[in-house]
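J.: Pasting a structure here, questions to come.
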Amino acid sequence: MQMIKTPVNGMKDIEPHEMEIRQFILSKIREVYARFGFTEIETPNIEHIENLLSDQGWDNEKLIFKILKRGEKLDKAFESGNMNEIVDSGLRYDLTVPLCRFYSNNKDKLASPFKAMQIGNVYRADRPQKGRFRQFCQCDIDILGEGTNLGEIETLLATSTLLKEIGFDKYNFSFDINDRRILKAMTMYAGFPDDDFESVCITLDKLDKVGFDGVKKELLEKGYAEDNIDKFNSLFEKGDSECDAVTAIKNLQKNVLGSSFDKVMLRQDPIPTLDIELDNICNNLIEIIETITKNIDVKINFNPTLVRGMGYYTGPIFEIKSEKFSGSVGGGGRYDKMVSKFIGQDVPALGISIGFERIIGIYLDDDFKIPSNIKKIAYLIEKGMEISKKSDIIKSALEERKNGNIVYIAELAKNKKFQCEKLEALGYTEFKTFNL
């Protein structure tokens, strides 16, 4: 059987030019996030299947690469006839679940609040397309143990600073922000059953792809009343204002949900039903927006249709937008209930992930050049050079390297022009030819 030279569908080989850009961006990520007090950790690519499956019905769970049991255990699973027993682990589809497991296992040794940085590959059995792969690098920062909006403020400030320092502000990036509890209020105000919140959100999360008509069609197919659906959609039309984010939130408080709807019941099993003050939720978002925009030049938009695809979010959620990409180039939010799945105790937590692969794709399309004062020099030695002369050339190259420059040494090819063109593509600007 002949071996296949192309990568598996949805995976990619990374060429030297792209790898240089990736390493440059990764070094900036580590540098900037470290200045904000985030410390780097690493978790395995493989997770327990129990941790990856939450049975909440979100599409992400359908994208898990599951790993079969091995040897005798697999044979026994097949003999039992229970197909659910043939899997015991899976490739991680994000870095948040492994982080919560790591924190739960090590929390007594960690600072509080714990500010974590994670950089690593994740895997999703998704349909490959531009900017979407089955294996891709995620770069996350998370704060566990911080229950105030200082967590959101620090996280978004760090991300804004990073994007500016890598020059991404030339693509007019901005943040969309919302709160899952505001969505909860809207579904209840529209008359949807309390227990159907997640089902409605799964449909609303497809808004960018199918529009309001598509959302309405799917909700009708799920059996919801047309009056409730129309009332729900009208809330977004009124709330999605052209005004600034703070004014839009205040308009939502005052004009859309009304003064009579100042409380919302939010069910978060297995936690009993809680009374949540809607005004406090909106004011919390306003504090986050105003604090960030007073300290850094970044645009934040209130987007009441923002859902985020992960069912574990419990409060503020956010996405990074750019004029260079139709979807998001990053996102995250607060997930205060996830750690309790491991230890039975709530720990406030939030985080954000930048869309590393999408940002790299934008830079490649834009012929991004790494800013550097380091010279890249090619030494091309004619074939047959005697060893004493070759030794002198190598000595000269070592001196250049001591000065921090990059020196590529190779024998001169027959087609010098083609050889130099390939090196120029790698950023070499100086060429020295050594003849016999």
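The values are calculated or read from the model by the stated rules, or taken from the named source; none is laboratory data. Source: prediction; values computed, not measured. Quick reminder, even Gly has a Cβ in these numbers, built from the backbone with ideal geometry, and neighbours come from all protein chains shown. Side chains are part of the model used for accessible areas, which takes the heavy atoms of the whole protein and leaves out ligands, DNA and RNA. Shrake-Rupley method; radii C 1.70, N 1.55, O 1.52, S 1.80 Å.
J.: In units of 2.2 N^0.38 Å, what is the alpha-carbon radius of gyration of segment 322-379?
T.: Against the compact-globule rule of thumb, the ratio is 1.91.
J.: Take every DSSP beta bridge whose two residues both sit in the chain, then give the antiparallel share in percent to the nearest 5.
T.: Given both bridge residues lie in the chain, the antiparallel proportion sits at roughly 70 percent.
J.: What FRET efficiency would be calculated for the residue pair ILE374, ASP227, taking the C-beta separation as r and a Förster radius of 41 Å, to the nearest 0.05?
T.: Working: r = 66 Å, r/R0 = 1.61.
According to the calculation, E is roughly 0.05.
J.: Which residue fluctuates the most in the chain, going by a Gaussian network model with Cα springs under 10 Å, if the choices are ILE296, ILE46, ILE409?
T.: Per the Cα network of the chain with a 10 Å cutoff, ILE409 tops the list.
J.: Would you list which lysines come within 27 Å of LYS416, measuring only between C-alpha atoms, while excluding same-chain residues fewer than 8 positions from it?
T.: Within reach: LYS369, LYS375, LYS376, LYS383, LYS389, LYS390, LYS395, LYS432.
J.: Something else about it: For segment 77-179, what does the accessible surface come to per residue with a 1.4 Å probe? Please give it in Å².
T.: Details: 3970 Å² over 103 residues.
Roughly 39 Å² per residue, with all protein chains present.
J.: Which entries of LYS115/LYS206; LYS109/LYS341; LYS170/LYS422; LYS12/LYS130; LYS164/LYS299; LYS62/LYS209 have Cα-Cα distances beyond 23 Å here?
T.: From LYS115/LYS206; LYS109/LYS341; LYS170/LYS422; LYS12/LYS130; LYS164/LYS299; LYS62/LYS209, over 23 Å: LYS115/LYS206; LYS170/LYS422.
J.: Would you mind checking the radius of gyration and Dmax of the chain based on alpha-carbon positions, in Å?
T.: 26.3, 91
J.: Choose one answer from CYS137, CYS420, CYS282: the residue with the largest mean-square fluctuation in a GNM of the chain with alpha-carbon springs under 10 Å.
T.: CYS420
J.: Taking H placed 1.01 Å from N in the peptide plane, check which residues at least 5 places from PHE431 or on another chain put their amide H under 5 Å from its amide H.
T.: Answer set, sorted by chain and number: ALA378.
J.: Then there is this: To the nearest 0.05, how large is the calculated FRET efficiency for LEU220 and GLU277 if R₀ is 45 Å and r is the Cβ-Cβ distance?
T.: E between LEU220 and GLU277, to the nearest 0.05, is 0.85.
J.: Let me ask you something else. Hey, what do the phi angles of segment 404-419 turn into as Karplus ³J(HN,Hα) couplings, whole Hz, using 6.51/-1.76/1.60 and θ = phi - 60°, x for Gly and Pro?
T.: x, 7, 9, 10, 9, 10, 7, 6, 5, 7, 4, 9, 4, 4, 5, 4
J.: To the nearest 10 degrees, how steep is helix 387-402 against the longest Cα principal axis of the chain, on a 0 to 90 scale?
T.: 30
J.: A further question on this structure: Would you pull out the residues with amide H under 5 Å of ILE381's amide H, same chain only if 5 or more places away, H placed 1.01 Å from N?
T.: Under 5 Å from the amide H of ILE381 lie the amide H atoms of ALA410, GLU411, LEU412, PHE434, each far enough along the sequence or on another chain.
J.: How much mean residue ellipticity at 222 nm does the chain get from its helices, if each DSSP H run of length 4 or more adds -39500 (n - 2.57) and you divide by all residues, to the nearest 500 deg cm²/dmol? Don't jump to the answer; show the numbers that get you there.
T.: Numbers: 15 runs with 173 residues, N = 436.
Result for the chain, helices only: -12000 deg cm²/dmol.
J.: Can you list the residues, at least 5 places off or on another chain, whose amide H is less than 5 Å from the amide H of LYS299, using H built in the peptide plane?
T.: Excluding prolines and chain starts, which carry no amide H, the hits are PHE175.
J.: Could you check which residue among LYS231, LYS222, LYS109 shows the biggest mean-square fluctuation in a GNM of the chain with a 10 Å Cα cutoff?
T.: LYS109
J.: Now, a different point. Apply 1/(1 + (r/R0)^6) to the Cβ-Cβ distance of MET11 and LEU426, taking R0 = 30 Å, and write down the FRET efficiency to the nearest 0.05.
T.: Numbers: r = 23 Å, r/R0 = 0.78.
The formula returns an efficiency of 0.80 here.
J.: Something else: Taking Cα atoms, how many degrees apart are the long axis of helix 150-165 and the longest axis of the chain, rounded to 10 and kept between 0 and 90?
T.: Roughly 30 degrees, rounded to the nearest 10.
J.: Dividing the convex hull volume of the alpha carbon atoms of segment 144-232 by its residue count, what do you get in Å³ per residue?
T.: About 132 Å³ per residue, rounded to a whole number.
J.: For segment 82-237, what D do you get in µm² per second when you plug the Kirkwood radius from alpha-carbon pairs into Stokes-Einstein at 37 °C and 0.692 mPa s?
T.: The Stokes-Einstein estimate is 169 µm²/s.
J.: Considering only protein heavy atoms and a probe of 1.4 Å, how much of the accessible area of segment 311-406 is carbon and sulfur, as a whole percent?
T.: On segment 311-406, the fraction of accessible area on carbon and sulfur atoms equals 49 percent.
J.: I would also like to ask the following. Any chance you could give the angle, 0 to 90 degrees and rounded to 10, that helix 16-35 forms with the longest Cα principal axis of the chain?
T.: Taking Cα atoms only, the helix is inclined about 50 degrees.
J.: Now a separate question. Given a 1.4 angstrom probe, I'd like the percentage of the accessible area of segment 1-145 that is carbon and sulfur, rounded to a whole number.
T.: 51
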